[in-house]
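The values are calculated or read from the model by the stated rules, or taken from the named source; none is laboratory data. Keep in mind the model is a prediction, meaning the values are calculated, not measured. FYI the Cβ positions are ideal-geometry reconstructions off the backbone, even for glycines, and counts take in every protein chain you see.
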Amino acid sequence: MSEPIQIVIEKCVRCGACVKVCPFGAIEQAERKALPVIDLTKCTLCGACVAACKFDAILMKEKAAATIDLASFKDVWVFAEQHDGAIQSITYELLGEGRKLADALGMKLCAVLLGHGITAKTSELTSRGADTVYVVDRPELVHFQDESYAAVLIELVKRHKPNVFLTGATTIGRSLVSRVAVKVNAGLTADCTGLAIDPETKNLLQTRPAFGGNIMATIITPNARPQMSTVRHKVMKEAEVTAGRTGTVVVETVAEAILKARAKRLRFEPEHETTMNIAEANIIVSGGRGLQKPENFTLLRELAEVLGAGVGSSRAAVDANWIPYSHQVGQTGKTVCPKIYIACGISGQIQHLAGMSASNIIVAINKDPDAPIFKVATYGIVGDLFTVVPKLTQEFRKMLGK
Ligand SMILES: Cc1cc2nc3c(=O)[nH]c(=O)nc-3n(C[C@H](O)[C@H](O)[C@H](O)COP(=O)(O)OP(=O)(O)OC[C@H]3O[C@@H](n4cnc5c(N)ncnc54)[C@H](O)[C@@H]3O)c2cc1C
């Protein structure tokens with residue numbers, strides 16, 4: 001069999017079932033009852049046609065498994081995200097979870113730290129459980145750049161062959177590891193909320209919400225290594241600091257050529273906010289079209305300030321220019337997982353739910369008792385947000401003595 005997938009002419013009854021199931025439009029039949037033809041430039045070898053063919057008329061080569069020596073991939077890696085030299089809390093969450101995985105596999109837990117003047121920061125990683133820290137300390141890496149950071153990680157993955165590679169599902173993490181996964185021919189499961197090791201196969205079980213949070217899907221990558229996942233912020237517990245704990249620090253060198261990036265960072269424009277960043281917040285007060293105009297977000301900011309919360313929004317509010325995009329929660333915005341999410345004047349369309357339905361407690365305030373948001377809400381308040389929100393602010397202010 002020369003092609004990775006092919007149709008067995010003798011067995012094919014030309015029923016067209018394979019054409020219908022192919023999600024990529026990669027199989028064509030010139031006319032009814034003609035022999036189907038697979039376009040290999042479109043085919044992703046997903047196997048949907050193989051499963052749909054009742055006549056075993058489609059043969060597919062076993063993917064990569066035969067060519068990869070899975071046993072040669074060792075250790076659990078965590079990408080240590082840093083901003084201006086400060087290790088981000090998501091890294092500690094990944095170290096906490098990574099420790100459990102490494103112990104279950106009988107492998108080492110390693111962190112990868114890229115930046116400039118950051119070698120001293122390795123102790124923060126070893127004290128939280130990393131056995132080895134791979135550091136690339138170069139002026140070109142002082143600020144995150146997709147191209148150079150991805151190139152360095154690709155080089156390190158090829159050099160050390162990690163078994164598992166975890167990254168935060170942050171703006172940086174998502175942009176970075178997708179590039180790495182493609183180049184090292186690995187799978188990537190985005191936005192995981194649960195990770196475990198299958199005791200029998202030793203495969204990584206990567207659990208994430210699917211279909212807008214309606215089901216939890218557990219995904220495995222049995223034929224490729226490393227097993228790569230991005231992990232949602234605020235879902236896993238941070239690894240504790242063990243005073244005096246040390247590990248091995250490996251300073252890696254990389255070729256000048258791979259540090260070159262076509263994009264150049266000119267400056268950083270911080271957003272001036274009086275409330276917390278929603279990616280870090282334990283409580284989020286979020287507003288939608290029900291707020292009617294931008295000035296009314298002040299009501300939410302007041303409540304957020306009393307609660308020490310961040311302010312989120314639906315896309316409708318962002319599209320109307322009431323609040324910047326960085327506050328948008330949902331499918332095309334941020335995925336958040338706070339302890340408490342208070343949705344004010346948000347209907348709860350599936351695209352919004354996709355970004356917040358994993359929150360521990362959801363409080364919905366909406367004047368429409370049939371609004372879909374009430375289906376996912378832990379507590380629902382049917383009422384006018386312009387009456388309810390100021391009352392909540394007033395009561396919390398009293399209770400919290402603010
Ligand atoms: C490809 C795609 C991606 C998308 N991505 C996102 C995304 O990332 N995030 C997102 O949010 N949306 C996203 N959307 C849009 C989404 O489909 C909805 O249009 C949007 O979420 C609606 O926002 P909303 O709930 O604020 O507005 P509406 O649906 O108009 O709801 C407003 C709600 O406010 C209530 N209300 C009105 N006045 C009051 C009041 N005085 N007191 C109390 N309640 C009141 C109403 O009863 C209503 O339920 C996306 C859509 C598409 C097609």
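Residues in the stretch 140-153 that are without any contact (Cβ under 8 Å) to a residue 40 or more places away in the chain and in a helix (DSSP H, G or I): Y149, A150.
For the criterion of being under 27 Å from V376 (Cβ atoms) and buried (at least 19 other Cβ atoms within 10 Å of the Cβ), A309 passes. Do the conditions hold for L392, that is, is it more than 10 Å from the ligand (Cβ to nearest atom) and either within 25 Å of T170 (Cα to Cα) or not assigned by TED's automatic domain parsing to the domain that holds V231 (or both)? Spelling it out, L392 is indeed more than 10 Å from the ligand (Cβ to nearest atom) and either within 25 Å of T170 (Cα to Cα) or not assigned by TED's automatic domain parsing to the domain that holds V231 (or both). Across the stretch 217-260, the number of residues qualifying as touching a Phe, Trp or Tyr at 6+ places or on another chain (Cβ under 9 Å) and either free of Cβ contacts under 8 Å to residues at least 60 places away in the same chain or assigned to a strand (DSSP E or B) (or both) comes to 7.
With respect to T387, is the statement that it is more than 9 Å from the ligand (Cβ to nearest atom), assigned to a helix (DSSP H, G or I) and more than 18 Å from R315 (Cα to Cα) true? No: the conditions fail for T387.
Beta carbons closer than 9 Å, at least 6 apart along the sequence or on distinct chains, pair a first residue in the stretch 365-387 that is surrounded by fewer than 15 Cβ atoms within 10 Å (Cβ to Cβ) with a second that is polar (S, T, N, Q) for D368/S347; T378/S359; T378/N360; V382/N366; G383/N366. In the stretch 213-264, the qualifying residues are those that are farther than 29 Å from I373 by Cα and of a type in the set (K, R), and the one that is surrounded by the most Cβ atoms within 10 Å (Cβ to Cβ) is R225. The sole residue among A17, A26 that is closer than 17 Å to F55 by Cα and assigned by TED's automatic domain parsing to the domain that holds C53 is A17. The set of residues from the stretch 261-315 being within 24 Å of K402 (Cβ to Cβ), within 14 Å of the ligand (Cβ to nearest atom) and in a loop (DSSP other than H, G, I, E, B) comprises just one member, I278. In the stretch 323-345, of all residues being assigned to a loop (DSSP other than H, G, I, E, B) and near the ligand (Cβ under 10 Å from one of its atoms), the one that is nearest to T170 (Cα to Cα) corresponds to T335. Only one entry in A71, A86 is over 19 Å from Q206 (Cα atoms), surrounded by fewer than 20 Cβ atoms within 10 Å (Cβ to Cβ) and either at pLDDT below 95 or touching a Pro at 6+ places or on another chain (Cβ under 8 Å) (or both), namely A71. Looking at C46, is it in contact (Cβ under 8 Å) with a residue 12 or more places away in the chain, touching a Cys at 6+ places or on another chain (Cβ under 6 Å) and outside the structural domain of L141 (by TED's automatic domain parsing)? Judged against the criteria, C46 is not a match. Taking the stretch 73-106 as the range and being more than 27 Å from N185 (Cβ to Cβ), part of a strand (DSSP E or B) and either under 16 Å from the mean Cα position of the chain (by Cα) or not polar (S, T, N, Q) (or both) as the test, the residues that pass are H83, A86, I87. Taken as a whole, the structure places L195 among residues that are in the same structural domain as S89 (by TED's automatic domain parsing), in a strand (DSSP E or B), in contact (Cβ under 8 Å) with a residue 24 or more places away in the chain and farther than 18 Å from Y149 by Cα.
Write out, first by first residue and then by second, each pair whose Cβ atoms fall under 8 Å of each other, whose residues are 6+ apart or on separate chains, and whose first residue, in the stretch 274-288, is at pLDDT below 95 while the second is among the acidic types (D, E) and away from the ligand (no atom under 16 Å from the Cβ). Taking only residues 6 or more apart or on different chains, the pairs are T274/E305; T275/E305.
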